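Accompanying notes for the structure given below.
FYI, it's all coordinate maths here, none of it is from the lab. These figures come from a predicted structure and were not determined experimentally.
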Amino acid sequence: MAKAPTSSTEKTRRVPKIVVTAPGGPRRRAGYGFGPAETSFTEEQLGEDGEKLIEAWRADPFLKVDMRIDEEPEPDAGNSDSQ
């Protein structure tokens, strides 16, 4: 799916994400539930134990663990409602 073009004034940032799926059906690992739909996590969401979580997910042969980089708007870009 193609992404909508962004205006030249809109500031974006590249955000690395871990994407986990369970292609064979529902699966729980390390306190998280996964299914055929993608579940994505940023480094901030995983916190200090992020590496341990990723290791546990990768050790499960029924989970698919990938990394991708998404472009997202800067948190303060065009957001006047944050006050």
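Under 12 Å of direct C-alpha separation, and excluding same-chain neighbours fewer than eight residues apart, K17 reaches these aspartates and glutamates: E38, E43, E44, D66, D70, E71, E72.
Each principal axis of the Cα cloud of the stretch 13-71 was taken in turn, and the coordinate range along them, longest first, works out to 33, 22, 14 Å. Extension gain, E48 to Y32, is 4.2 nm, computed as 0.36 nm per intervening residue step minus the present C-alpha separation.
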